[in-house]
Structures are given as structure tokens and as C-alpha cells.
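Here is the structure we will look at, set down as C-alpha cells.
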Amino acid sequence: MVASEQTCDVVVVGAGGAGLAAAIEARRAGADVVLLEKNPAPGGSTAWSVGSVTASGSSHQARAGVADDPASHWRDMAAFNGDLDPRDNPALRRVLADAMPETMDWLEAQGLRFFGPMPEPPHTRPRMHTVLPNARAYIVHLGRAARRLGVRVATQTRAVALVQEGGGPGGGAGGRVVAVDCDTPHGSVRHRARRAVVLATGDFTNDPELKGRFMGPREARVPGVNETATGDGQKLALALGGRILNGDLALGPELRFIPPRHKTLTARLPPWRLLADLMVWSMAHLPAALLRPFVMSFVTTTLAPTPALFDSGAILVNRRGERFAEETDAPAFALPDQPEQAAWIVLDARVAGLYAAWPHFVSTAPGVAYAYVDDYRRNRPDIFTAAPTLAVLGERLAMPTGALERTVADYNAARPATSPRPPVGEGPYVALGPVKAVFIHNEGGLAVDAEHRVLGADDRPIPGLYAAGATGQGGLLLKGHGHHLAWAFASGRRAGRLAAAAPTAG
């Protein structure tokens with residue numbers, strides 16, 4: 001039973017990058033807007049991201065002398081798709097490419113600052129722009145803009161159902177979406193929307209139900225890097241006849257180092273405009289040697305170890321010092337079954353020496369920097385363990401006595417002579433970890449049209465319902481760095497404006 005009811009023009013569900021963009025643009029279009037967020041504060045997956053946005057026609061490209069245009073961006077995005085290209089939505093890809101030049105200007109007008117453009121093949125031109133000082137800047141600056149404009153932000157407010165009216169007896173199927181029912185610490189609240197509802201709740205990487213349904217039982221057991229990415233918007237629309245496209249596609253699962261117990265310098269930096277401007281100047285003018293310690297605090301914290309470590313001869317062991325999977329065959333799927341769901345990457349002296357310099361890096365932020373074994377020794381002592389022998393390494397990792405030695409001996413003895421992977425050799429040894437298995441994002445968004453209206457089972461728009469960002473991805477493939485955030489902001493802005501222009505209910 002609904003305890004109270006509130007009314008506005010546009011209700012936006014989800015206060016990540018897409019939802020904030022939608023709320024800002026709907027309010028600028030003259031709508032009275034409420035922004036609902038189930039968590040204690042805005043953020044979403046945007047706050048967890050690396051922070052890159054890929055765009056053509058930016059001011060950064062112009063200053064760098066890079067001639068670029070949306071048509072080239074649209075063509076280059078297809079080059080990422082490979083065999084999946086028939087499953088892409090080229091119309092929405094056009095929407096994204098065409099919207100990004102102006103969207104980048106809009107982001108900078110909100111106070112955000114970027115470093116770039118940086119190359120990322122198969123893009124034929126440098127298009128990747130990374131926000132400074134960190135991805136929290138998006139939430140801080142867009143949140144301020146929303147509140148300054150008068151958007152009402154309701155946190156700890158979880159949308160649990162969409163309300164339709166006018167579709168038959170009792171407001172059944174086919175009716176217009178007119179409200180969102182929510183659970184709050186103070187009881188149930190119905191937020192009525194005179195014009196429209198925009199769903200912008202992110203993906204479902206941390207929802208076992210949707211992952212099991214669209215991806216499979218193995219995937220359902222691997223968590224998402226964002227614990228609150230539970231597909232709330234997708235579920236709300238599915239109940240009304242919406243459908244999910246490309247629900248089986250995802251980035252991951254992959255191995256990721258556990259985060260540090262305390263925030264790094266990069267993560268602690270406040271998103272001040274003057275600080276970001278200073279960082280932009282420094283990255284363009286200061287010697288790389290002076291910047292490297294700062295950049296490494298980021299690259300060794302938020303990114304995944306390269307799978308090439310295993311091709312080179314590293315092995316993966318669990319808390320008991322045992323190998324539990326073939327390292328080169330998606331070991332992340334086996335990690336949820338291990339003690340503490342954790343593992344360690346063991347490198348002998350040869351592999352550790354190989355990954356001490358280019359072109360063999362442990363992790364990278366493409367176009368920004370590469371991190372090597374010594375960078376982890378300096379920046380992440382909590383996940384870096386070195387020892388002269390396997391026995392000492394196992395002891396320092398609190399593994400059973402002799403277990404790691406037996407594992408390595410068994411592995412070397414059973415390894416086929418024709419194996420392309422070298423045996424584990426002499427020490428000294430390094431262990432990197434623990435690592436966990438996570439999904440970063442998935443592509444399973446609701447079917448939408450080019451105006452971001454959610455489509456029902458008959459491919460007709462569900463009246464009064466829009467979706468943006470990962471929730472409204474509509475079959476669009478967002479491979480490569482910077483396209484998910486680009487879509488969040490571009491689609492969020494457009495969905496907000498279109499929702500504000502929708503006819504009033506009743």
C-alpha cells in the first residue's frame with residue numbers, strides 16, 4: 001500500500017551519469033524533475049569507471065590538430081565489433097556519434113576537465129578523453145548542476161514498480177506509464193509523472209537472476225564490480241512487456257586486484273576545477289618521470305592484470321596453494337568456488353624480469369600509462385609478495401606448508417613438452433594478489449527506438465517510458481574504452497529532453 005504520493009513532470013530513476021544528465025536536461029527544458037536513487041548518494045557505475053569518454057570534434061582534438069567528425073567515429077566503432085557486428089544497432093551508433101561533439105562541450109561547461117585525446121586502435125584518430133582528477137568528478141559536478149537547477153534528488157529511494165493507466169480495466173497492459181512506486185526508509189512512496197519516466201539504473205552485472213537468464217549459470221555466480229548494478233530498470237520494464245537485447249554479452253568475467261584498504265592519492269583528490277586545470281597543464285608540460293608516481297597510483301589500483309602473464313608462464317593458485325583452473329582458459333569462472341573467492345598470480349624470476357619493462361606490462365590505462373612489476377612493489381605492497389623460494393612464498397601467503405612447492409612440481413611434471421607455456425622456473429618469486437573475479441559491465445539493455453522510448457514486445461513504444469545509458473542500450477555495442485560513458489551522457493541528455501517534451505498524461 002502506498003503511504004504517500006508526490007507529483008512532478010519527469011521522474012528519472014537512477015542517479016549515475018545517465019540519470020544526472022537526463023535530470024539536468026529535462027529541468028533545463030522546463031520540466032519539474034525528481035531524481036530517484038536507491039543508494040545513499042548518487043554515483044552508479046560512472047563513479048566506479050576509469051572515466052574515459054570517446055568523442056569526435058572535441059576542443060582537445062582541435063588544439064592537437066586532429067581533424068575528425070562523427071561520420072568517421074561511427075564507422076570506426078564498427079571496427080571493434082568483429083563477428084558481433086550483425087548484432088549492433090547502427091542507428092543508435094549514429095545517435096551516439098552525432099551527439100558526442102556537443103556532449104563534450106556540455107560536459108566541460110559543467111566544470112569537468114579532460115586529458116586527451118589519446119589513440120586507441122582501431123579508431124583511426126585519437127578520440128579518448130579521460131576526466132581529471134578521477135571519475136567522481138562527473139558525479140560531483142553534474143550533481144551540483146542538477147541541484148542548482150532545482151532538480152529534487154531523493155536518495156535511499158528504490159523503484160519497485162511502474163504504474164500504468166489507461167490500458168484497459170484497472171490500467172492494464174498497453175497503458176501509459178504514469179508513476180513509479182518506491183520503497184524508502186519512511187515507507188512506500190508513489191512518484192507520479194505528468195509527462196514521462198526515464199529509467200537510468202545501469203546494467204545487471206551484479207544480478208544473479210538476470211545473468212542466469214540471459215548469460216548462463218556460470219556467469220550468474222560471478223559478481224559485478226559495482227555491487228548495486230542489479231538491473232532494476234530492466235526488471236521494471238520487463239514487467240510491462242519490454243525486452244532486453246544482447247543480454248548475453250559482457251566485459252568479463254576478468255580477474256581484478258582487490259582495492260587498497262585506503263584510498264590512493266588519486267582517489268582522494270577533490271574534483272576542484274582549478275586542480276583539474278593544473279593537472280591538465282602538468283600532463284601536457286611536465287616531464288613524464290615527474291608524473292609517473294602519480295599516474296601509477298591510479299594504474300595499479302583500478303585496472304586488471306593482463307592475461308598475457310599466464311601465456312608467459314605465470315600460474316594462478318588459491319589460498320591452499322593449489323592450481324584450480326587452466327590459466328589461459330577463462331579462470332575467472334572457477335574463482336567463485338575457491339576459498340575466500342580469491343587467488344594469487346605466481347611469477348618466477350624470468351617472468352618477473354620480463355614484466356619489468358615495455359612491451360610486457362602488468363596493467364594499463366590505454367594511452368595513459370603502463371604498470372610493471374616494480375610499480376606494484378612500490379604502489380601496492382598490500383598485494384605484492386616476494387620471496388627467494390616457493391616455500392618462503394607460501395609461508396608469507398599463509399598457505400599450507402609445502403603446498404605451493406608441490407603444486408609447482410606437479411604442474412611442471414605434467415606440462416606437455418609441446419606446451420607453448422614455459423614451466424615455472426627458479427626464484428626469486430613474486431605473488432600478485434589476491435585477485436577476484438568480476439564482471440565490469442554488460443551490454444544487456446532494453447530495446448529502445450532512436451528517441452529512447454522503451455519498446456514493448458510488439459516493438460511499439462510503451463507510452464510515457466524512456467530509458468538511457470546501459471538500461472536503454474537498445475542493442476548498441478559499446479566496445480572499446482570510453483563508449484559506455486559517452487552513451488550514458490549522450491543518451492541521458494536526449495532522453496531527458498524528450499521526456500520533458502512528452503504530452504501530459506490524461
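Read the figures in this text as sums done on the coordinates, not as results from a lab. All values derive from a computational prediction rather than experimental measurement.
In whole Å, largest first, what are the principal axis extents of the Cα atoms in segment 105-215?
So the extents along the principal axes, rounded to whole Å, are 56, 40, 27.
Run the Debye formula on the Cα coordinates of the chain, all scatterers equal and no solvent, and tell me log10 I(q)/I(0) at q = 0.08, 0.13 1/Å.
Log10 of I(q)/I(0), two decimals: -0.53, -1.23.
Report the antiparallel proportion of the DSSP beta bridges in the chain as a percent, rounded to a multiple of 5.
70
At each listed q (0.12, 0.24 Å⁻¹), what is the log10 of I(q)/I(0) that the Debye formula gives for segment 416-506 modelled as equal alpha-carbon point scatterers?
Cα-only, vacuum Debye calculation for segment 416-506: -0.55, -1.18.
If all Cα-Cα distances of segment 355-485 are sorted into 10 Å bins from 0 onward, what percent lands in each bin, rounded to whole numbers?
Calculated P(r), rounded to whole percents: 10, 23, 23, 16, 15, 11, 3.
If you line up the Cα atoms of segment 201-258 on their principal axes, what length do they span on each, largest first, in Å?
For segment 201-258, the Cα extents along the three principal axes come out at 39, 20, 15 Å.
Considering all alpha-carbon pairs of segment 55-132, what whole percent are spaced by more than 15 angstrom? If you can, show how the numbers build up before the last one.
Values: 1678 of 3003 pairs.
In whole percent, the long-distance tail amounts to 56.
Please list the equivalent ellipsoid semi-axes of segment 1-147, computed as the square roots of five times the alpha-carbon gyration tensor eigenvalues, in descending order and whole angstrom.
Over the Cα atoms of segment 1-147, the semi-axes work out to 31, 18, 14 Å.
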